[in-house]
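Colleague: This structure is in structure tokens; I'll ask about it shortly.
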Amino acid sequence: MLLKYGNHAQRAQHLPGIARGEVRWCQGYSEPNAGSDLANLQLKAERDGDEFVLNGQKIWTSHAHLSDWIYCLARTDPNAPKKQMGISVILADLDTPGITVRRIDLISGYSPFCETFFDNVRVPVANLVGKENEGWTIAKAILGHERSSIGRSIARQPGSAQREVVARARKHLGVVEGAIPDPLLRDEVAALGMREEAFHLTLARIQQGAESGTPGPEGSITKIVGTELKQKRFELGMKVAGVQGLGWEGPGFDDDDLEYTRDWLRSRASTIEGGSSEIQKNIVSKRVLGLPEGGK
């Protein structure tokens, strides 16, 4: 975002620390009433001389409790004719007075998620990225990178999902070598492996197209398929574990199985975060397949 839309001063200030891994950033997009409908955001940024005054709330701000800075979508023109208009991208130091970060607990027992509150937070106008009221284009570009990176990060190495499930089957079914005896389970594992291979081939094709610039709407394909593959991998892993996959704490369960249970629970969020699968399918329908509204 900063390379393409930031000015010289912003790039000079922030890019060296980002490249060296010295500064951690979080994303201020979603709000309690602006999740999948991101354009409904209400965080206000009112101009006061050389500063913006921010008031409102962000939610699901991953790792905000560990971060140094946040890049926010804020409404700088509440009277814009369309809700996608009047939105700007503003950078804020999380140590700025008036910013409060609170953790959100998840069913997995671990959560990177937070809610972030802005109470008369004063941010220099110099922290505006791009032009005022034209942040929606920047926001979409960032999401293109995010969704394609989510798919790539979930993909891991080709064949790894299939190998993981087979290893758990051998562990819990007592099959030291040879074929898994259950033919239906073998079929599910084989289908997972084939989908995983097709996914990696698609990733390679999309990556080649993205090397010349910002990832296109095809990134939504990787988000949909990658997160579904992740969930299927954990579901199969839990299935072969049987009752050993039901542990939460206490004796009778080894550390690997307890961790797997928590990872399985955490995987349920994958098809929601970063834009739900329903939203991604709409994007693929309209912007990749070129279908009219409603997909007919």
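Colleague: Under the rule of -39500 (n - 2.57) per DSSP H run of 4 or more residues, summed and divided by the residues of the chain, what mean residue ellipticity at 222 nm is obtained, to the nearest 500 deg cm²/dmol?
Modeller: -13500 deg cm²/dmol
Colleague: May I ask for the angle, rounded to the nearest 10°, between helix 183-210 and the longest principal axis of the chain, with both axes built from Cα atoms and the value confined to 0 to 90°?
Modeller: Its long axis makes an angle of about 30 degrees.
Colleague: Next question, about the same structure. On C-alpha positions alone, give me the angle between the axis of helix 219-241 and the longest principal axis of the chain, in degrees, nearest 10.
Modeller: Roughly 40 degrees, rounded to the nearest 10.
Colleague: Assuming a ≥ b ≥ c are the square roots of the Cα gyration tensor eigenvalues, decide whether the stretch 68-153 counts as rounded (a/c under 1.5), prolate (otherwise, with a/b larger than b/c) or oblate.
Modeller: In terms of gyration-tensor shape, oblate.
Colleague: If each residue's Cβ is checked for other Cβ atoms within 10 Å, how do Ser108, Ser270 rank with the fewest at the top?
Modeller: The order, fewest Cβ neighbours first, is Ser108, Ser270.
Colleague: Report, to the nearest 10°, how far helix 8-19 tilts away from the longest principal axis of the Cα atoms in the chain, using its own Cα long axis and a range of 0 to 90°.
Modeller: Helix 8-19 and the main axis of the chain meet at about 20 degrees.
Colleague: Oh, and also: Ranking Ile99, Ile272 by Cβ neighbours within 10 Å, fewest first, what do you get?
Modeller: In increasing order of surrounding Cβ atoms, one gets Ile272, Ile99.
Colleague: Using just the C-alpha positions of the chain as equal point scatterers, what log10 of I(q)/I(0) does the Debye formula give at each q in 0.07, 0.17 1/Å?
Modeller: Summing over Cα pairs of the chain leads to -0.34, -1.41.
Colleague: Would you please state the base-10 log of I(q)/I(0) at q = 0.14, 0.15 1/Å for the stretch 139-288, with intensities from the Debye formula using one equal scatterer on every alpha carbon?
Modeller: The Cα Debye sum returns log10 ratios of -0.73, -0.81.
Colleague: Let me ask you something else. Output the Kirkwood hydrodynamic radius of the stretch 2-133, Cα pairs only, in Å rounded to one decimal.
Modeller: Averaging 1/r across every pair of different Cα atoms and inverting gives 15.2 Å.
Colleague: Another question, then. What is the Cα centroid distance between the stretch 106-137 and the stretch 231-296, reported in whole angstrom?
Modeller: Cα centroid to Cα centroid, the span is 27 Å.
The numbers here are math on the coordinates, done by the rules we state, and not lab data. In this text the structure is predicted, and so the values were computed from the model without any measurement. Here the Cβ is made from the backbone with ideal geometry for all residues, glycine too, and neighbour counts use every protein chain on show.
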